[in-house]
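See structure below.
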Amino acid sequence: MTAAEIFEKLGSEFGSAILSLTEEPATDSFITVDPAQLFDICHTLRDEESLLFDYMMSLSALDLGENLGVVYHLYSMTHRHKIVIKVSVSKENPVVPSVERIWRTADWHEREAYDLLGVKFDGHHNLIRILLPYDWEGYPLRKDYVTPDTYHDMKVPY
Amino acid sequence: MGEIKRMDLEYSQLDSDRMRINVGPQHPSTHGVLRLEVEVDGEIVTEVVPHLGYLHRSFEKHCEKLNYQQIIPFIDRMDYISAMNNEWPYVMALEKMLDIKVPEKVEYIRVIVAELNRIANHQIAVATFGMDAGAFTPFLYYFRDREAIISILERLSGARLLYNYFRVGGMAADIYPGFKDDCLNVVKQVRKTNAEIMKLLIHNSIFIKRSANVGILTPEVAINYACSGPVLRGSGVAHDLRRDEPYSVYDRFDFEIPVGKGDVGVVGDCWNRNIVRVHEMEQSCRIIEQALAQMPETGDVKAMIPKRIKLPKGEVYMRTENPKGDLGFYIVSNGTDKPERMKARGTSFVNLSVIPEISKGYMFADLILILGSIDIVLGEVDR
Amino acid sequence: MGLLNRLDDPYEGGGIVLGKVEELLNWGRSKSDWYLHFGLACCAIEFMAMNASHFDFMRFGTIPRTSPRQADFIMVTGTVTFKMAERIKILYEQMAEPKYVISVGSCSNSGGPYWEHGYHVLKGVDRIIPVDVYIPGCPPRPEAFEEGMMQLQKKINQQAIFNKRKRIELEDSTKDESNKES
């Protein structure tokens, strides 16, 4: 299925929760959705016969300035088609539903996104830091992050 | 000497206590700096909690601070065993964004160096897996052969391990005279050693007893965990991006995709994951032979390299078949010479996440084998 | 150098070596160093190649140990992150004296390529433990490992074992005198 067909299919099921479709002829087209309904949308994406996105390639979070974005790259092993789903949430309250129960691989990806960018995944069973030490402060991949001077009495800058 | 009294134990009356054991981060069997917190009941593993981040080198932060050409050496340092393969999806992503068509000869050089590096990676993987099972000789054999591959790549790029050889639109240097002969010698030697290893290690009854029927990963679980590479193919799923989404010139070669068939043990166990790697080396040899025969003699490998890379606004996700599985790069460009955000989908990071699932219920010693059969590189797990 | 070379000396028909006990001890120590292999990153792969058949690191009399209590020196091969730094310190403190440290590769020498933006990289392992030999390279070639090992042996060979304090005092006093003279 092409991105436009998937967009139509999701639109007929979820209505206004499917916000927009951006078609990029050279690279990947993406669909922007409402984060409130993300879990149900992902569930449909995985289980609907004509979609069957059973393979999550990647989950990335990014700093969009005012907002934080989460991008899901999905692939279907059966139909061999791809889609990119995007959501964006405000930095003050960055809560996105967790899709860990749909694709188990999202477990570590979500923990990484929480660790480096501070996106909070609602419904994740164990949302703790994964790469940085547990007592690290701040989210390093945010654009306004300032590297600390010391960590446990060790100097951080060169 | 008094009479020896035999003590009868009533096993039903003995209490069993769960114990938590810490493996790593400094441990030779963890293949790097991985820490596993293992809960055991006697010797049976009941829970595994991996702790990562001991090699978190802030790769994604570096990408935001450096310009596009400067990122390539940092990509080498992610999966440092197969650096050539790592650079490929990145330069391909940029070529796609910039709409560059690379010369024919460059494509063939890329295929050959990537396949050579794939062989070198699998040699380390099988050798260290053998070491985990207690076999030291394959390690020496494979490292002897690996030196031949390393010296070819060194003559091409100037480095033994971290090559920095790919450029956007071309390669850093052309091949040297005698490159073809060197490659053919390597192919010959790899085949010879693999035939030996098949007898020495793979079909050795001790090795089979230790690795067959251990750590069984079913295809459904593997796909749900987004496993890829030999881990997924060991479970019987013939998923290989070189065939499923042919990039570069892979559609011109005739090669097979080895999958775990369950000749020994069951499909998806450690033995089957391991045998896939040995068979893949043979397929890589076939690809190298065909690529050498098809490669055009002339062509400027640096012709299409842009002086200054400035990406248009937009984003791209590119993935290729790394020796360990799908390696993906998600690049978001803001129109300058530095990426806005770059995310690497580490193959080992994803493959490792399946370990709590497949190691429950096996012996503690089997856990080391299961970890070895996944073939992780901590540089890519932690990035 | 080399105690064995002196066996040919014509004392009483050969077979006799005149020397200090210290020399003998240092000779023995420098030729059988057991190391704690601290494989952290890329350099560890090069070190594996070093250990394998082609380069044969064991010709230096080294044996890899996995316990710090049995090791004479520690080989820090790779990037030291803050999460790892405390563990390295603990392992170093567990080692018995005399102990040495070889820092392998740019990362553990100075932070390497991660010196500027690596928020989670310790910029040099010498910020937490004392380093005896630095091996440069990213990663170092096996030949560089050999050179580094030879430098460590040289250092061990020159070490004072007995009357350390007295000697240091003596050296200091001679230094003071020479300073005065100059």
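The values are calculated or read from the model by the stated rules, or taken from the named source; none is laboratory data. None of the values given here were measured: they were computed from a predicted structure. Ideal geometry is used to build each Cβ from the backbone, glycine not excepted, and the neighbour counts take in all protein chains shown.
Remarks
- B:GLU95 being part of a helix (DSSP H, G or I), of a type in the set (Asp, Glu), more than 14 Å from chain C (Cβ to nearest Cβ) and under 18 Å from the mean Cα position of the chain (by Cα): no
- Against the numbered list (1) outside any loop (DSSP other than H, G, I, E, B); (2) in contact (Cβ under 8 Å) with a residue 40 or more places away in the chain, B:ALA173 comes up short only at (1).
- C:VAL125 vs. criteria within 27 Å of B:CYS63 (Cα to Cα) and either surrounded by 15 or more Cβ atoms within 10 Å (Cβ to Cβ) or under 14 Å from the mean Cα position of the chain (by Cα) (or both): yes
- Failed condition for A:PHE39, given (1) of a type outside the set (D, E, K, R); (2) in contact with a Gly (Cβ under 9 Å, 6 or more places away or on another chain); (3) within 13 Å of chain B (Cβ to nearest Cβ): (3)
- Residue in region A:109-123 that is nearest to the chain's Cα centre (by Cα), counting only those that are outside any loop (DSSP other than H, G, I, E, B) and among the aliphatic types (A, V, I, L, M): A:ALA113
- Flag if B:ARG146 is within 11 Å of chain C (Cβ to nearest Cβ) and either farther than 27 Å from B:HIS279 by Cβ or assigned to a loop (DSSP other than H, G, I, E, B) (or both): no
- Just one of (1) assigned to a loop (DSSP other than H, G, I, E, B); (2) in contact with a Pro (Cβ under 6 Å, 6 or more places away or on another chain) fails for A:GLU137. It is (2).
- Test: residue in region C:68-78 that is surrounded by fewer than 17 Cβ atoms within 10 Å (Cβ to Cβ), charged (D, E, K, R) and under 29 Å from B:LEU161 (Cβ atoms): no
- Any chance C:VAL76 is out of contact with any Asp or Glu (no Cβ under 9 Å at 6 or more places or on another chain), farther than 20 Å from B:MET78 by Cα and among the aliphatic types (A, V, I, L, M): no
- Residue check, B:MET1 loosely packed, with under 14 Cβ neighbours inside 10 Å, of a type outside the set (Asp, Glu) and modelled with pLDDT of 80 or more: no
- Number of positions in region B:232-253 that are more than 14 Å from every other protein chain (Cβ to nearest Cβ), in a helix (DSSP H, G or I) and over 21 Å from B:ALA125 (Cβ atoms): 3
- Subset of region B:316-350 [surrounded by fewer than 24 Cβ atoms within 10 Å (Cβ to Cβ) and touching a Cys at 6+ places or on another chain (Cβ under 9 Å)]: B:LYS338, B:ARG341
- Every listed requirement among (1) within 28 Å of B:ARG160 (Cβ to Cβ); (2) of a type outside the set (S, T, N, Q); (3) within 14 Å of chain A (Cβ to nearest Cβ) is met by C:PRO136 save one, (3).
- The set of residues in region A:52-75 being more than 10 Å from chain B (Cβ to nearest Cβ), part of a loop (DSSP other than H, G, I, E, B), touching a strand residue (DSSP E or B) at 6+ places or on another chain (Cβ under 8 Å) and surrounded by fewer than 22 Cβ atoms within 10 Å (Cβ to Cβ) consists of A:GLU66 alone.
- Any chance B:ARG210 is buried (at least 16 other Cβ atoms within 10 Å of the Cβ), in contact (Cβ under 8 Å) with a residue 60 or more places away in the chain and among the basic types (Lys, Arg): yes
- Look at region B:150-165: where a residue is of a type in the set (Gly, Ala, Ser) and a partner is assigned to a loop (DSSP other than H, G, I, E, B), sitting 6+ places away or on another chain with Cβ atoms under 6 Å, you get B:SER157/B:TYR163; B:SER157/B:TYR165.
- Flag if A:SER76 is at pLDDT below 90 and touching a His at 6+ places or on another chain (Cβ under 8 Å): no
- Of all residues in region B:39-65, those satisfying the criterion of being more than 10 Å from chain A (Cβ to nearest Cβ), of a type outside the set (S, T, N, Q) and surrounded by fewer than 20 Cβ atoms within 10 Å (Cβ to Cβ) are B:GLU39, B:VAL40, B:ASP41, B:GLY42, B:GLU43, B:ILE44, B:GLU47, B:LYS65.
- Condition check for A:VAL99: surrounded by 14 or more Cβ atoms within 10 Å (Cβ to Cβ), modelled with pLDDT of 85 or more, touching a Pro at 6+ places or on another chain (Cβ under 9 Å) and over 27 Å from B:TYR54 (Cβ atoms): no
- Candidates C:GLU97, C:GLU93, C:GLU116 - the one that is more than 9 Å from chain B (Cβ to nearest Cβ), in a loop (DSSP other than H, G, I, E, B) and either without any contact (Cβ under 8 Å) to a residue 40 or more places away in the chain or among the basic types (Lys, Arg) (or both): C:GLU97
- Test result for A:PHE39, aromatic (Phe, Trp, Tyr), touching a Phe, Trp or Tyr at 6+ places or on another chain (Cβ under 8 Å) and crowded, with 16+ Cβ neighbours inside 10 Å: no
- A residue that is crowded, with 20+ Cβ neighbours inside 10 Å, in contact (Cβ under 8 Å) with a residue 12 or more places away in the chain and β-branched (Val, Ile, Thr) occurs somewhere in region B:73-87.
- Scanning region B:217-231 for residues that are over 15 Å from B:LEU371 (Cβ atoms) and either more than 12 Å from chain A (Cβ to nearest Cβ) or of a type in the set (Asp, Glu) (or both) returns B:THR218, B:GLU220, B:GLY229.
- Filtering B:GLU115, B:GLU64 for residues that are charged (D, E, K, R) and more than 29 Å from B:MET295 (Cα to Cα) leaves a single hit, B:GLU64.
- The set of residues in region B:187-201 that are of a type in the set (A, V, I, L, M), more than 19 Å from B:ILE112 (Cβ to Cβ) and touching a residue at least 40 places away in the same chain (Cβ under 8 Å) comprises B:ILE197, B:MET198, B:LEU200, B:LEU201.
- Matching residues in region C:36-90 - criterion: being more than 8 Å from chain B (Cβ to nearest Cβ), within 19 Å of B:HIS27 (Cβ to Cβ) and assigned to a loop (DSSP other than H, G, I, E, B): C:SER67, C:ALA71, C:VAL80
- All positions within region A:1-12 that are outside any helix (DSSP H, G or I) and not hydrophobic (A, V, I, L, M, F, W, C): A:THR2
- Hits in region A:13-51 (condition: part of a loop (DSSP other than H, G, I, E, B) and either more than 20 Å from A:VAL96 (Cα to Cα) or touching a His at 6+ places or on another chain (Cβ under 9 Å) (or both)): A:GLU23, A:GLU24, A:PRO25, A:ALA26, A:THR27, A:ASP28, A:SER29, A:GLU48, A:GLU49, A:SER50, A:LEU51
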